[in-house]
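What follows is a short report on a single structure.
The values are calculated or read from the model by the stated rules, or taken from the named source; none is laboratory data. Everything quoted here is computed from the prediction, not taken from an experiment. Don't worry about glycine lacking a Cβ; one is built from the backbone with ideal geometry, like all the others, and counts go over all protein chains shown.
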Amino acid sequence: MHRVVALVRPVQSTFALGCAGEVFGTVPPGTPCHYEFEVATETPGPVPTSAGYAMSVPRGLSAVESADTVIIPGWTPVETPLSARVRDALLRAHGRGARLVSICGGVFALARTGLLDGRCATTHWARADRLRQEFPRVRVAPDVLYVDHGDVATSAGAGAGIDLCLHLVARDHGAAHAALVARYMVMPAHRDGGQAQPALPAPPTDALGDLTGWVDARLGSALSVADLAGQLRVSPRTLARRFAAQLGTSPGAWLLARRVAAARALLEETDLPVEAVAARVGLTSATNLRRRFRAQLGTTPGAYRRALRDG
């Protein structure tokens, strides 16, 4: 059984904690139980929450010692220092192979361990500048939903924490199981990490320039990685390095994620046939769109549209 421990602190965001709890702590009927979910805190006892009540947390940092995944579901206020005890517990967990995950402001706690130095990470777009200023060695990617390095993962706002948690479930047990969890939560299949955060300012010019807008305006075309590199006037190899450093993915995977995200928007907002949706986003045929959709989201375009409308 995979043990997931949410490490909370005063004042704890109930929504961010609930995102992790719903994904890892709820077992849909008829599905196997893969996770054991519990909550821990540095000083066991009542922990005030953002909802105005205190919750009782009986487990201390000893719970982190045997966790397979440790989630930091927010960190309020974000400038709160990381105590030596918590920092040591997180570093020991990481050292023995546990996966460390932050949701929204939780990245500030994770960054204070030093484990994000030299790596790409994300947080809520409104806190991205502060994260960049406080931790200049962290490569901040404010225009993605989440970044997963395998041993550490970070998400944008609390809602994107659901997407990250579903992504981790898919990584652990396959996209089909993650889709079942999402369906039980009455959520569409999880969004890919490369999808842009909503309500964001323009993408940072030091990362990809105006590439996102340029690509989105041409998704119906047969774009290649060479085309993307040419738009930025760099070699494909340099482009690949930038993507790996800034976004934790490859240009090809990012481009495919943009196509699938655009297809999802068309399925949600229009009545276009699947064949027409595929053509508009550059996936050429309904068969190719179905294959890509199933690979990334664990469902089909038709089932995705029906689930949204039946809900």
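Descriptive notes on the structure:
Listed here are the residues, each with its yes/no results for (1) more than 17 Å from Thr212 (Cβ to Cβ); (2) touching a Lys or Arg at 6+ places or on another chain (Cβ under 8 Å); (3) at pLDDT 80 or above.
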position: Phe243; (1), (2), (3): no, no, yes
position: Asn288; (1), (2), (3): yes, no, yes
position: Arg292; (1), (2), (3): yes, yes, yes
position: Leu308; (1), (2), (3): yes, no, no
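- Enumeration of residues in segment 28-48 that are of a type in the set (A, V, I, L, M, F, W, C) and surrounded by 14 or more Cβ atoms within 10 Å (Cβ to Cβ): Phe37, Val39, Ala40, Val47
- Scanning segment 213-231 for residues that are in contact with a Phe, Trp or Tyr (Cβ under 9 Å, 6 or more places away or on another chain) and either part of a loop (DSSP other than H, G, I, E, B) or in contact (Cβ under 8 Å) with a residue 24 or more places away in the chain (or both) turns up Val215, Leu228.
- Scanning segment 81-101 turns up no residue that is buried (at least 17 other Cβ atoms within 10 Å of the Cβ) and of a type in the set (Asp, Glu).
- With respect to the conditions (1) surrounded by fewer than 20 Cβ atoms within 10 Å (Cβ to Cβ); (2) under 18 Å from the mean Cα position of the chain (by Cα), Arg306 falls short on a single one, namely (2).
- Flag not set for Thr31, criterion: modelled with pLDDT under 95 and under 27 Å from Gly114 (Cα atoms).
- Of the residues making up segment 109-116, at least one is in contact with a Phe, Trp or Tyr (Cβ under 6 Å, 6 or more places away or on another chain), farther than 28 Å from Arg292 by Cβ and in contact (Cβ under 8 Å) with a residue 24 or more places away in the chain.
- Among (1) hydrophobic (A, V, I, L, M, F, W, C); (2) out of contact with any strand residue (DSSP E or B) (no Cβ under 8 Å at 6 or more places or on another chain); (3) closer than 14 Å to Trp75 by Cβ - the single one Leu180 does not satisfy: (3)
- For the criterion of being of a type in the set (Val, Ile, Thr), outside the structural domain of Phe293 (by TED's automatic domain parsing) and modelled with pLDDT under 80, Thr249 fails.
- Selection status of Thr69, of a type outside the set (D, E, K, R) and over 30 Å from Arg241 (Cβ atoms): no
- Selection status of Ala51, surrounded by fewer than 14 Cβ atoms within 10 Å (Cβ to Cβ) and either in contact with a Lys or Arg (Cβ under 8 Å, 6 or more places away or on another chain) or not in a strand (DSSP E or B) (or both): yes
- Filter result for Ala67 (out of contact with any His (no Cβ under 8 Å at 6 or more places or on another chain), part of a loop (DSSP other than H, G, I, E, B), among the small types (Gly, Ala, Ser) and surrounded by 15 or more Cβ atoms within 10 Å (Cβ to Cβ)): yes
- When segment 80-114 is filtered for residues that are among the aliphatic types (A, V, I, L, M), under 13 Å from Ala153 (Cα atoms) and in contact with a helix residue (DSSP H, G or I) (Cβ under 6 Å, 6 or more places away or on another chain), the ones remaining, listed by number, are Leu100, Ile103.
- Scanning segment 126-175 for residues that are closer than 23 Å to Gln296 by Cβ and either modelled with pLDDT under 85 or among the hydrophobic types (A, V, I, L, M, F, W, C) (or both) yields a count of 22.
- Boolean, Ala257 is touching an Asp or Glu at 6+ places or on another chain (Cβ under 6 Å) and among the small types (Gly, Ala, Ser): yes
- Which numbered condition Gly18 fails, given (1) surrounded by fewer than 20 Cβ atoms within 10 Å (Cβ to Cβ); (2) in a loop (DSSP other than H, G, I, E, B): (2)
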